[in-house]
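Student: First the structure, then my questions, so here it is.
Each reported figure results from applying straightforward, stated rules to the coordinates on display, with no laboratory input. Just so it is clear, the model here is predicted, and its values are computed rather than measured. Cβ atoms come from the backbone with ideal geometry, glycine included; neighbour counts cover every protein chain shown.
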């Protein structure tokens, strides 16, 4: 008989080989750090998504603004640079579109060039100066906004929340560029040219008697000779949809008929001695009266804006409060 050595008893739990304590602690710390990194990454991604969502929501909620240019034969490259600058200054605050009205015979070549600069190209007869151009735009958009069932084509567009009327180049640029920064969603009327004093057609040493007629047409009252009125220059201004629609459509139509009156109409006989140009449908003298009357037309007749210290006069942009608000 062989003597079998006794079997060794199983190791008790306390006798299992243990990992070094430092290795276990290091692994636990690594797992905790990894978990924290994942949590931080998730939080950062959530924060980024929230920011992107808020920015997108703000962009979607931007009010609309249409830029309208009255174009004749200005340099295309300069116009392109100017139009791009205007867009760059405003596109974060508004959903933009732009339209150029051309006072020339239609041209495929010109349409192609202008179509690379703006969204819409429209041709008009060369009558009525820039004021006639602006009135054409107002009347068409007014009809499309108020009477949508009577549209001539599916391409008729409604009035934007704001409309910025400009010529293809900046006038009084030291005022204009600063005042672009004053345009707000609450802006109702803001001139991008100087604010000056007027008194029923007498302004800056000149007399424009047709301003009295324009005042009466749009206010329904005679112009008060004992009160100053706010006048502006250059035909570059912003106006809100509400201010445009506050006037009956017929007033704009009547004004357009006056400014586009044909040759031989008595209105072209009203020419002061100081007006050196020919008074005819392409350059009617009444166009200069209309240019100065936009504050009255859009119910922003605020003589306080004449104050040079507050609103800059002919030298500065003045305060952002030198405008009317809705």
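Student: If you rank 270, 260 by fewest surrounding Cβ atoms within 10 Å, what's the result?
Tutor: 270, 260
Student: Using 1/(1 + (r/R0)^6) with R0 = 22 angstrom and r between the beta carbons of residue 158 and residue 91, what's the FRET efficiency to the nearest 0.05?
Tutor: E between residue 158 and residue 91, to the nearest 0.05, is 0.60.
Student: Would you mind ranking 325, 189 by Cβ crowding within 10 Å, fewest neighbours first?
Tutor: Final ranking by Cβ density, sparse to dense: 325, 189.
Student: Starting from the Cα of residue 197, step 7 Å along the direction of its Cβ; do the same at residue 80; then give the gap between the two resulting points in nm.
Tutor: 4.6
Student: Hey, what angle do you get for helix 286-297 against the long axis of the chain, alpha-carbon based, 0 to 90 degrees rounded to 10?
Tutor: 50
Student: Can you give the helix-only mean residue ellipticity at 222 nm for the chain, where every DSSP H stretch with n ≥ 4 adds -39500 (n - 2.57) and the sum goes over all residues, rounded to the nearest 500 deg cm²/dmol?
Tutor: My calculation for the chain gives -12500 deg cm²/dmol from helical runs alone.
Student: Considering only 42, 188, 310, give the residue with the highest GNM mean-square fluctuation for the chain, with springs between Cα atoms whenever their separation is below 10 Å.
Tutor: In this elastic network of the chain, the residue with the biggest mean-square fluctuation among 42, 188, 310 is 42.
Student: Continuing with this model, one more query. For 48, 118, 253, which order do you get if you count the other beta carbons within 10 Å of each Cβ and list the fewest first?
Tutor: 48, 253, 118
Student: Continuing with this model, one more query. Using a 10 angstrom cutoff on alpha carbons, build the Gaussian network for the chain and name the most mobile of 133, 207, 232.
Tutor: Its mean-square fluctuation being the largest, the pick is 207.
Student: Follow-up question, since we're still on this one. Quick one: helix 21-60 against the long Cα principal axis of the chain, what's the angle to the nearest 10°, folded into 0 to 90?
Tutor: 20
Student: Between 306, 175, 76, where does the largest GNM mean-square fluctuation fall for the chain, given springs only between Cα atoms within less than 10 Å?
Tutor: Its mean-square fluctuation being the largest, the pick is 76.
Student: Here's a follow-up. Suppose the chain between residue 126 and residue 107 were pulled fully straight at 0.36 nm per residue; how much longer would it get relative to their current alpha carbon spacing?
Tutor: Answer, rounded to one decimal: 5.4 nm.
Student: Let me ask you something else. For volume of the Cα convex hull per residue in Å³, one of [x] 292; [y] 124; [z] 138 was computed from the structure I shared and the rest are decoys. Which label?
Tutor: Evaluating volume of the Cα convex hull per residue in Å³ on these atoms matches [x].
Student: Still on this model: Between residue 36 and residue 146, what length in nm is gained on full extension when 0.36 nm per residue of separation is reduced by their alpha carbon distance?
Tutor: Length gained, residue 36 through residue 146: 33.7 nm.
Student: Mind pulling the angle between the C-alpha long axis of helix 129-146 and the longest principal axis of the chain? Nearest 10 degrees, somewhere in 0 to 90.
Tutor: Rounded to the nearest ten degrees, it is 60.
Student: Multiply the residue separation of residue 178 and residue 320 by 0.36 nm, subtract the distance between their alpha-carbon atoms, and state the gained length in nm to one decimal.
Tutor: Gain on stretching residue 178 to residue 320: 50.2 nm.
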